[in-house]
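Below you'll find the structure, written out as structure tokens, and then a few comments.
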Amino acid sequence: MCKVMIALALIGAAGPAMAQVVTRNAKTADYEFSYAYPAAAARIAGLKAWLDAERARIQAKTARDGAVARREAKASGYPYHAYSFDKTWKVVTDTPRFLSLSGDSYNFTGGAHGSPASYGLVWDKAAGRRLDPKAVFVSLPAFQTAIRTDYCARLKAEQRRRIQGELSSMNACPSLKELTVLLGSTNGRAIDRIGLIADPYVAGSYAEGAYEVTLPVTRAIIGTVKPEYRGAFAVRG
């Protein structure tokens, strides 16, 4: 029988107040499932509705796929390893204009290991709508031109640190469309840093894990931001 729990759990300090996270867990013979998002997101009706809908959609798919796989394993005489899916959203920053979230998930559907993935999400408070962080820029080519030299140099330095040897073709600097973009802030007032995440296999092997690089916002970057969002950004001093 499915055991479902909805709870509020303390996850640590976020400024002067403690941040809370809304979590939903489920476990059956077919699958395990966990989905969580911060209370800051739960307080925004439109964003909460979207997160709850995503949670319901992913859980339904995990349950459906797990049930099919368990029946097939039984029919074939193979042991079944329950499917699992875990996704957690966290606050990157909460500025007057944007609530910026980062997400990470792990999806196991059999095999040697599961598949991790990262996500970025921005809630535009002024417009009352959800955005892909990449959507605040005039174009991806323009944004990529503004960051590529700095990003690739920082990525290569981290790759060399981890690998302790020669880099391979798997370590080529990826294009922006392959990366997860996060909007961050050092002061909670304006977006002044950009997080770029390359998931496993994007900039290296699975064993190397994800590569995350943080860049300061520069005038060149602000020049690639859509005019309606530029006031929410600032050059990092």
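The values are calculated or read from the model by the stated rules, or taken from the named source; none is laboratory data. Note that the coordinates shown come from a computational prediction; the quantities given were computed from them, not determined experimentally. A quick note on method: Cβ atoms are made from the backbone with ideal geometry, for glycine too, and the neighbour counts reach across all protein chains shown.
Being buried (at least 17 other Cβ atoms within 10 Å of the Cβ), among the β-branched types (Val, Ile, Thr), free of Cβ contacts under 8 Å to residues at least 40 places away in the same chain and not assigned by TED's automatic domain parsing to the domain that holds TRP123: is that true of VAL181 here? First the steps, then the outcome.
On the way: buried (at least 17 other Cβ atoms within 10 Å of the Cβ): yes; among the β-branched types (Val, Ile, Thr): yes; free of Cβ contacts under 8 Å to residues at least 40 places away in the same chain: no; not assigned by TED's automatic domain parsing to the domain that holds TRP123: yes.
Criteria not met by VAL181.
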Exercise. Counting only residues that are assigned to a helix (DSSP H, G or I) and closer than 23 Å to ALA157 by Cα, how many does the range 181-237 have?
Worked result: 2
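Within the range 164-200, track down each residue that is among the hydroxyl-bearing types (Ser, Thr, Tyr) and touching an Asp or Glu at 6+ places or on another chain (Cβ under 9 Å).
Initially, the range 164-200 is screened for residues among the hydroxyl-bearing types (Ser, Thr, Tyr), giving 168-169, 175, 180, 185-186.
Result: THR180, SER185, THR186.
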Problem set entry | Residues of the range 98-124 classified as touching a residue at least 12 places away in the same chain (Cβ under 8 Å) and out of contact with any strand residue (DSSP E or B) (no Cβ under 7 Å at 6 or more places or on another chain), total | 2
For this session: Give the residues of the range 44-82 that are under 30 Å from PRO96 (Cβ atoms) and of a type in the set (A, V, I, L, M, F, W, C), sorted by residue number.
Result: ILE44, ALA45, LEU47, ALA49, TRP50, LEU51, ALA53
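Tally time: how many residues in the range 136-167 are closer than 30 Å to PRO227 by Cα and either in contact with a helix residue (DSSP H, G or I) (Cβ under 9 Å, 6 or more places away or on another chain) or surrounded by 13 or more Cβ atoms within 10 Å (Cβ to Cβ) (or both)?
17
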Problem set entry | Any hit, the range 25-48, residues being over 17 Å from THR88 (Cα atoms) and among the hydroxyl-bearing types (Ser, Thr, Tyr) | yes
Exercise. Of all residues in the range 203-237 being aliphatic (A, V, I, L, M) and out of contact with any Phe, Trp or Tyr (no Cβ under 8 Å at 6 or more places or on another chain), which is nearest to PHE137 (Cα to Cα)?
Worked result: ALA220
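Examine the range 109-119 for a residue that is closer than 24 Å to GLY188 by Cβ, surrounded by 16 or more Cβ atoms within 10 Å (Cβ to Cβ) and within 23 Å of the chain's Cα centre (by Cα), and state whether such a residue exists. Steps first, answer last, please.
In the first step, residues of the range 109-119 are kept if they are closer than 24 Å to GLY188 by Cβ; the result is 118-119.
The next check asks that each one be surrounded by 16 or more Cβ atoms within 10 Å (Cβ to Cβ); those that pass are 118-119.
Narrowing the set further to residues that are within 23 Å of the chain's Cα centre (by Cα) leaves 118-119.
Looking through the range 109-119, at least one residue is closer than 24 Å to GLY188 by Cβ, surrounded by 16 or more Cβ atoms within 10 Å (Cβ to Cβ) and within 23 Å of the chain's Cα centre (by Cα).
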